[in-house]
Structure formats: C-alpha cells, structure tokens
Amino acid sequence: MDLLTNEKFLIPLLATLGASLSVIGMQFISRYFQEQRQRVYAATYILDVTYRILFSEITLKKHTITPHIKATMRMADEDMELINTALMDDEFDILKAKPVQFSHLPNEYKVLLGYDDIELVQMFDSLLYLYENDINRTDLNRFVSNNLKSAHDFISNTPEKRKDILYTYYDYLNSIDHESNRIIFLVNSRILLSLTKYLCRGKFSLFSTCQAINAAKKIEKLLIDNKDIVPEEEYMVNVINGGIQNEL
C-alpha cells in the first residue's frame, strides 16, 4: 500500500510536521520580538548617552571654556589684576577629570542596528571617540603645570614671555572648544535627526519607544535652549575649507 494513502502513516506524519512548523514559527516570532526589542534598546541607549554627552559639552563650553578664552585674551593684554586673581585661585588648572566612558551597549545590539542603518552605528562610534579623546586636555594640564602653576615664576617672566604663554594657553582652549563644537554639531545635524527617523519607522509600531522619544525630546530642548552656541549647518564646511586650505 502506498505510504501516502496509509492513514496510519500519514496522520502521524502530518501531526509531526504541523508540530514542527508550529515550533519553528513560534521560535521565529520569539526571535523577531527579541531582536526588535534589542533594536529599540540600542536606539534608546544611544539617545540617552548622546543627551548626557551633549549636556556635558554644552555646560563645559558655556561655563568653563568660553569664559576662560575671554579671560585669557584680557590677560594677554596685561590685565595684571585678572592675572593675579587667576594665579592665586589656580583658575588655569581646569578639565582635570577624564571623560566618562560609555561601554554598556552589547555588540550584538549594535550589529542589529547596523543591519538597518550602518551610519547610525558609525556616528555613535564617532561621537564616543570625540568625547573620550582627552589628548588636548592632557596637553593643556601638562602645559599649565609647567608654566602657570607658580605665580612667582610667571610674574618674573618678561611681558613678551607672559604673552607667549597666555597665547599658547589660549590655543589649547581653542582646540578644546573646537572639539566641543564638533560634538554639538554631530548631535544636532546628524545623530538626532537620523535616530528620530529610525524610530518613526512602522517596524516599531508594536513596541514601546517612549523612553527613546523622550530622550530625543530632551536633546532637542537642550539644543533649542542653547541655540546661541550650536554650530550652524555650514560649520564643518567652513572648518574644512578654512585656515591654510583657504589660501591654497
């Protein structure tokens, strides 16, 4: 008798096949939901970290870097009262703490995000690199330690030497300010827009994205509240084409 027409064989076969397909289907659905949650988590994590980095950079720029740049230019014009105050209060010695490291996003989550939009992962990695790179801060602190720690030694220099030291200090501050501008620009012109679009895709309609959206709104509000120091869209173009390159 043909096995395909034998009920004793066919019914168990179909039952086994149906059960197997059901298990495979359930596993597929379970994996789909798990991976979607991981994508949402990755996007939420990146937005949360982006907000913390942006808040840190804006605070640093407004309350430390910019005031010190302005004060340094006054001191370079031989404002001795301001120089004495800065030396006595150790005001030159700033940015001692190292940047916080954010390393709690599992690689498999980043891979899932990268499958959808590799540029998102690349932008986040660039943001972390810019934020965690403390070469200029280290060089600044070393310079301060060698030249601006002793009030007696600094005042004993000639006016020309004092001005040279202060201009070098200004250059370090300006480099750090440029790094802050690059971070703020990257968040404002790239990361926020890209992640907001990513989360608004229909693929996440079954999943809660409230935390991610709230983090995006916090970033947007922070940028609006500090729009006076947010670099314009042409900022990086001007940087690339500025300086010596503009003369070539």
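The values are calculated or read from the model by the stated rules, or taken from the named source; none is laboratory data. Everything quoted here is computed from the prediction, not taken from an experiment. For neighbour counting, all protein chains shown are included, and Cβ atoms are generated from backbone atoms with ideal geometry for every residue, glycine included.
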Say whether the condition of being surrounded by fewer than 17 Cβ atoms within 10 Å (Cβ to Cβ), under 18 Å from the mean Cα position of the chain (by Cα) and among the basic types (Lys, Arg) is met by at least one residue in the stretch 203-215. no
Is at least one residue of the stretch 133-140 of a type in the set (Asp, Glu) and modelled with pLDDT under 90? yes
Restricting attention to the stretch 19-60, and to residues there that are at pLDDT below 95 and charged (D, E, K, R), which single residue is farthest from residue 211 (Cα to Cα)? 31
Failed condition for residue 198, given (1) more than 30 Å from residue 87 (Cβ to Cβ); (2) of a type outside the set (Asp, Glu); (3) free of Cβ contacts under 8 Å to residues at least 60 places away in the same chain; (4) surrounded by 12 or more Cβ atoms within 10 Å (Cβ to Cβ), with all others met? (3)
Name the residues in the stretch 90-122 that are within 17 Å of residue 172 (Cα to Cα), in contact (Cβ under 8 Å) with a residue 40 or more places away in the chain and of a type in the set (Lys, Arg), would you? 96
For residue 218: the one exception among (1) under 16 Å from residue 178 (Cα atoms); (2) at pLDDT 95 or above: (1)
Has the stretch 152-164 got any residue that is of a type in the set (Ser, Thr, Tyr) and touching a residue at least 24 places away in the same chain (Cβ under 8 Å)? no
Selection from the stretch 42-89 of residues surrounded by fewer than 14 Cβ atoms within 10 Å (Cβ to Cβ), closer than 21 Å to residue 171 by Cα and either touching a Phe, Trp or Tyr at 6+ places or on another chain (Cβ under 6 Å) or in contact (Cβ under 8 Å) with a residue 24 or more places away in the chain (or both) yields 73, 78
How many of the residues in the stretch 116-131 are acidic (Asp, Glu) and either in contact with a Ser or Thr (Cβ under 8 Å, 6 or more places away or on another chain) or crowded, with 20+ Cβ neighbours inside 10 Å (or both)? 2
